[in-house]
Amino acid sequence: MSEPILEVRHLKTYFFRDDAVMRASDDLSYTVHKGECVAIVGESGSGKSVSALSVLRLIPYPPGLVMDGEILFHGQDLLKMSDEEMQELRGSKISMIFQEPSTALNPVMTIGNQICESLMIHRGLKKKEAMKEAVELLRKVNIPNPEQRVKQYPFEFSGGMQQRAMIAMAMSCDPEILIADEPTTALDVTVQAQVLEQLNKLRAESDTALIIITHNLGVVARYADSVKVMYGGKIVEEGNPYDIFENPHHPYTIGLINAVPRLDLPRSHGLHTIEGEPPDMSLIPVNCCAFAHRCRYATAECRENRPPLEKVNEGHYCACFHMDETQAEREALV
Amino acid sequence: MIDKKTDAYSLEIGVSDEVKELIDERIEQQPKVEKSARREILRVDNLKMYFPVTKGLFKRTVGYVKAVDDVSFRINQGETLGIVGESGSGKSTIGNCVMRNYKITGGHMMFDGLELESQTPKQMRSVHKKLTMVTQDPYASLDPRKTVSDIILEGPTIHKMYSSKGEARDIVGQMLELVGLNPKFAERFPHEFSGGQRQRISIARALALEPSFIVCDEIVSALDVSIQAQIVSLMMKVQQELGLTYIFIGHDLSVVRHISNQVAVMYLGKIMELTDSDELYNRPMHPYTQALISAAPIPNPTADRARERILLDGEVPSPINPPKGCNFCTRCRFADERCRQEEPEMIDVGNHHLVACHRVAGN
């Protein structure tokens, strides 16, 4: 594995409400290597987006605040940088693609001008050169007639094209890290496949590290080099996709995999469900396993202590006191 | 608990004897039919739904969006027809046409011996007791100012299905238990519930009418993965117990296929392929179905990375101006001159497997 470029250590991002504290990201650590595709999976409210927004320091205060931890980018702590330094980094070294392209794009600016903006700010190009570059970028993400398209406004683009324009914009300054927050959730299935393929191709060409945040396990299985499964603000299991999907140890990971109907298996292969609902984050006690109230293996220990991430195999970690007991279920997976 | 399979789906709370009685009673009411001789409950022939596109001050009609164009299918009692398609394919419009939410442009719909399109609004009221719908957004579909009990009782009140307050309370309690919610929730308001629980309330509302047919329009699309599985399992359990028939509309092929006996793949207002759900994966014939299956990722890296990848170019064309010939010809990797000129007919390739493609017809 190549050198690590981003190291998140013991990140704690909390949100404060009048009466409660939500630990959206609670003692989170992960490393991203050069050119690697890291997937953060979880359901809504698991803290997966917060874990990535914290890296860009985009958590609004109030109510959110990064309480503790380090985010090392090439060894430099992003949390200690000034706002100006951070501004310089955003969009050039680390950039981001958001879920809903129609709300992330500025409706009263042409697509071309929006792409030019970051080129002019970060790469110091003149308007004319920047526009030329913008056309090339649109061509690279497979937008037909880029010369005409740069002069158009976002509403003239379809959802898939808007997202591709967003990708062009994010890739414009050759970032080292690209964070994609649910990049294809709002798109149709066939367009989703196009956009993901595009994203993956660009990543491979420019050796950019991609952090992809998603709830779609299929996307993760297809593209990720490394997977982090989040629940209740914590990473409950991490490893490569083969570890996670074919040899999962955490009861939540197993439950999640079993809850997705498999297209390649006959229908008689039943659907298993995890009972209950994801927890309200403000109600999870500090020292307990967040999954305990939905877990069939849970014991008093799980409700009183927080399980640490323990090594299963090289690169495969799981936070569960009862991971050895899940063997039968693990073997039942196909 | 994760080990429970669909057939043994357990509720969040245990099923009381009352609910068991209700279920037995309902099963008795269902006409007894042999599995081999299932009765056709819904038959749709050449359904067309065109929406006019208007322009200018006087709303001059300048064209039509052919949301559903010449669609035919039939459903047997106790079975599920899944309809998959991308946005704009007309899948929800079919559901709304069957519910008679629109005045259809053409075609025939027979529901349980009744010709749906000729029913007056007044007659439709009694039809809607047997034919109900659950919609996508559990946040928009529940009145925020009504309690759960009011929401569930709305239908039974219209159809005078109870005569005393006690009976009304029983209906609410039974319905909530049936969908896996605590009957104590009856006096709460929708905002107190999560998305999955709200969807359960919507389902309880539909079931309170004792329907025989439910149109499920993207009912799990807005939900989290683990909740999605719960709702799909709930629907399958209720279907088995009450002998219901569903149209299950969705964009996620894996979910739709899981719950359905047969699946219709739609593209730009037309059914491209219609077949048994296992056959659809094992022997997809239409190039669009093949692409759709390939685009749906499988949550297993070994299985997924070994598959052939078919990527479609471009996006769905505008339904106002669909391409000449086959609707799919602009994105099809096999399209030739004939596809761009002639519209393919739906042909049966055997085994009730219907495909609309020149290439399949030619071979």
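Each value in this text was obtained by applying a stated rule to the coordinates, not by laboratory testing. Here the structure is a predicted model, which means the values were calculated and not measured. Ideal geometry is used to build each Cβ from the backbone, glycine not excepted, and the neighbour counts take in all protein chains shown.
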Problem - Antiparallel content of DSSP bridges confined to chain A, in %, to 5 - result: 60
Completion exercise
the protein assembly as shown: antiparallel bridges as % of DSSP beta bridges, rounded to 5, reads 60
Problem - the range A:88-238: projected area of the alpha-carbon convex hull, averaged over directions, in nm² - result: 9.2
Handout entry: chain A: angle of helix A:111-123 to the longest principal axis, Cα-based, in degrees nearest 10
Key = 90
Practice task
Treating the angle as unsigned and between 0 and 90°, give the value, to the nearest 10°, between the Cα long axis of helix A:189-206 and the longest Cα principal axis of chain A.
Solution key: 80
Exercise for the section: Scan around B:Val215 for amide H atoms under 5 Å from its own, H built in the peptide plane at 1.01 Å from N, and keep only partners 5 or more places away or cross-chain. Expected result: B:Thr132, B:Met133, B:Val134, B:Ile247
Problem - Loop trypsin sites (Lys or Arg not before Pro), the range B:86-194, which have at most 13 other Cβ atoms in a 10 Å radius of their Cβ (DSSP) - result: B:Lys103, B:Arg145, B:Lys160
Problem - J(HN,Hα) series, the range B:39-45, from Karplus relation 6.51 cos²θ - 1.76 cosθ + 1.60, nearest Hz, glycine and proline x - result: 7, 6, 9, 10, 9, 10, 10
Handout entry: Kirkwood Rh in Å, taken over chain B so that all alpha-carbon pairs contribute
Key = 21.9
Fill in the blank from the handout: When B:Tyr139, B:Tyr267 are arranged by how many other beta-carbons sit within 10 Å of their Cβ, fewest first, they go B:Tyr139, B:Tyr267
Practice task
Using the number of other C-beta atoms within 10 angstrom as an exposure proxy, rank B:Asp252, B:Asp143 with the fewest first.
Solution key: B:Asp143, B:Asp252
Practice task
Would you calculate a helix-derived [θ] at 222 nm for chain A, using -39,500 (n - 2.57) for each DSSP H run of n ≥ 4 and dividing by the full residue count, to the nearest 500?
Solution key: -9000 deg cm²/dmol
Fill in the blank from the handout: Only helices counted: for chain B, with every DSSP H run of 4 or more residues adding -39500 (n - 2.57) and the sum spread over all residues, [θ] at 222 nm is -10000 deg cm²/dmol
Exercise for the section: Sort out for me the Cα centre separation of the range B:156-212 from the range A:70-141, rounded to whole Å. Expected result: 51
Handout entry: Gyration tensor (alpha-carbon) shape descriptor, the range A:236-334, a/c threshold 1.5
Key = oblate
Fill in the blank from the handout: A correct Karplus calculation of ³J(HN,Hα) over the range B:228-236, with 6.51 cos²θ - 1.76 cosθ + 1.60, θ = phi - 60°, whole Hz and x for Gly and Pro, returns 3, 4, 4, 5, 4, 5, 4, 4, 5
Fill in the blank from the handout: Sorted by chain and number, the residues with a modelled amide H under 5 Å from that of A:Gly35, at a separation of 5 or more or across chains, are A:Ala209
Completion exercise
With a 24 Å threshold on alpha-carbon distance, the violating pairs from A:Lys12/A:Lys228; B:Lys103/B:Lys160; B:Lys122/B:Lys184; A:Lys12/A:Lys80 are B:Lys103/B:Lys160; B:Lys122/B:Lys184
Handout entry: All-pairs alpha carbon distance profile, the protein assembly as shown, 20 Å steps from 0, percent
Key = 16, 48, 32, 4
Completion exercise
Here the percent of antiparallel bridges among DSSP beta bridges lying wholly in the range B:6-362, to the nearest 5, is 60
Exercise for the section: With a/c under 1.5 counting as rounded, go ahead and sort chain A into rounded, prolate or oblate using the C-alpha gyration tensor (a ≥ b ≥ c being the square roots of the eigenvalues; past the cut-off, prolate if a/b is larger than b/c, else oblate). Expected result: prolate
Problem - Exposure proxy ranking, count of Cβ atoms within 10 Å, fewest first, for A:Thr190, B:Thr105, B:Thr54 - result: B:Thr54, B:Thr105, A:Thr190
Completion exercise
Relative to chain A, whose Cα atoms define the longest principal axis, helix A:127-140 and its Cα axis are tilted in degrees, nearest 10, by 50
